[in-house]
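Step one of this worksheet: look at the structure below.
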Amino acid sequence: MAVGLGVNDFIACCGSTKFAEQMVADGPFDTYDKAVVAAKNIWFNKVDVHGWLEAFAAHPQIGQNPSSVANKSSTSVQWSKGEQSTALATATDSSLQELYEWNSQYKQKFGFVFLICASGRSTPEILAELKRRFSNRPIVEFEIAAQEQMKITELRLQKLFSNVDVTKAEGRVTILGGHLTAPSIPTRVRPPITTHVLDIARGCPAGGIEVLLEMYTSQKSGPVFGQSGDDMWTFQGSSATDKDGRSGQLMKIVNELTPGVYRISFNTGKYNPDGFFPFVSIVFEVKASQKMEHFHVPLLLSPFSFSTYRGS
């Protein structure tokens, strides 16, 4: 049913030209699930920073008339109105004014509109999330916005496949011919553990950093704080970050990630010999209930500090 979808159809789902062109090149897709698998791979692995910003710019501020965005497709305008309908229905004059003011502060700080998958969310919910995310570092917020864009893209791709009656993409149930069927679980398009490194001192990705992934394989519980146990870590894979700061493949692409404790290490001393850290290691645990999830462990690096968080 997806035969004939073109660049303009995919532009309505995500305002990145590179994304839309790559979707056409990778298609056609005969099911919604296959389109989503391709879309995630393209968005997170092939679209660059400029493409992300182009997609962000295609969105109106929450509460703003979608028609006011320049060069926005009529289909996208219509979908934006529907996605914001709950927010507008729950808004008051004062909450709309507050939302406008916070949106303005957000754009001034980060350089792009506050992006959130607004479908089904009330104005108070959106305001609370905007205020919470406002304290983020710009480079952290940039990736969160990209994740929200992907949620929006999934919902809009679903509308392209609207000759079946479907509910929201998250936790969806497809109704085919009056029968309920659970959607198939898409296979992964990238390894379950990934990373990238951002040089926050220079304000750019950190390329050329060696990355090592290991798993704790001792039969004992642990590892334990204060005990090295270096002989108990098993090599999983290694790579180096590219010009976008993203590492190559650190492990095989598997649907189920083996639960356990993992350690990802970065050769920061080679990248910056004058820095404080000869290397940085981050240890994290994957629980049995999380084996189907994706773990993105970025490193935000400067000569004398670093931080990390769990992305998706």
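The values are calculated or read from the model by the stated rules, or taken from the named source; none is laboratory data. These numbers were taken from a predicted model, which means no experiment stands behind them. Heads up, the Cβs are rebuilt from the backbone with ideal geometry, glycines too, and the neighbour counts pull from every protein chain shown. To get the accessible areas, we keep the full protein, side chains included, count just its heavy atoms, and leave off ligands, DNA and RNA. Shrake-Rupley method; radii C 1.70, N 1.55, O 1.52, S 1.80 Å.
Of the residues that make up the range 290-297, is at least one within 30 Å of K40 (Cα to Cα) and either among the basic types (K, R) or modelled with pLDDT under 85 (or both)? Yes: the range 290-297 contains one or more residues that are within 30 Å of K40 (Cα to Cα) and either among the basic types (K, R) or modelled with pLDDT under 85 (or both).
On the stretch given as the range 141-159, residues that are surrounded by fewer than 18 Cβ atoms within 10 Å (Cβ to Cβ) and farther than 13 Å from L115 by Cα total 1. Selection of strands (runs of 3 or more DSSP E) fully inside the range 168-228 by the criterion of at least 1 residues being at pLDDT 85 or above and either within 26 Å of A118 (Cα to Cα) or open to solvent by less than 50 Å² (accessible area, probe 1.4 Å) (or both) returns 197-199, 210-216. Looking across the range 85-113 at every residue that is in a helix (DSSP H, G or I), touching a helix residue (DSSP H, G or I) at 6+ places or on another chain (Cβ under 6 Å) and at pLDDT 90 or above, the one that is surrounded by the fewest Cβ atoms within 10 Å (Cβ to Cβ) is identified as W102. Take the conditions (1) touching a Gly at 6+ places or on another chain (Cβ under 9 Å); (2) at pLDDT 90 or above; (3) open to solvent by less than 70 Å² (accessible area, probe 1.4 Å); W52 misses just one of them, which is (1).
If you check G245, G260 for being in contact with a Gly (Cβ under 8 Å, 6 or more places away or on another chain) and open to solvent by less than 30 Å² (accessible area, probe 1.4 Å), only one passes: G245.
Taking the numbered list (1) modelled with pLDDT of 90 or more; (2) part of a helix (DSSP H, G or I); (3) open to solvent by less than 20 Å² (accessible area, probe 1.4 Å) in turn, S76 passes all entries but (1).
Looking only at the range 113-132, filter to residues that are of a type in the set (S, T, N, Q) and in contact with a Leu (Cβ under 9 Å, 6 or more places away or on another chain); which one of those is nearest to L88 (Cα to Cα)? Filtering the range 113-132 for residues that are of a type in the set (S, T, N, Q) and in contact with a Leu (Cβ under 9 Å, 6 or more places away or on another chain), the one nearest to L88 (Cα to Cα) comes out as T123. Scanning the range 263-301 for residues that are exposed (fewer than 15 other Cβ atoms within 10 Å of the Cβ), touching a residue at least 24 places away in the same chain (Cβ under 8 Å) and out of contact with any Lys or Arg (no Cβ under 7 Å at 6 or more places or on another chain) returns K270, D274, F276, F284, E285, K287, A288, Q290, M292, E293. Among the residues of the range 134-141, is any touching a helix residue (DSSP H, G or I) at 6+ places or on another chain (Cβ under 9 Å) and within 26 Å of D30 (Cα to Cα)? Taking every residue of the range 134-141 in turn, none turns out to be touching a helix residue (DSSP H, G or I) at 6+ places or on another chain (Cβ under 9 Å) and within 26 Å of D30 (Cα to Cα). Taking only the range 114-133 into account, find how many residues are part of a helix (DSSP H, G or I) and either touching a residue at least 60 places away in the same chain (Cβ under 8 Å) or of a type outside the set (D, E) (or both). Total satisfying the criteria: 9.
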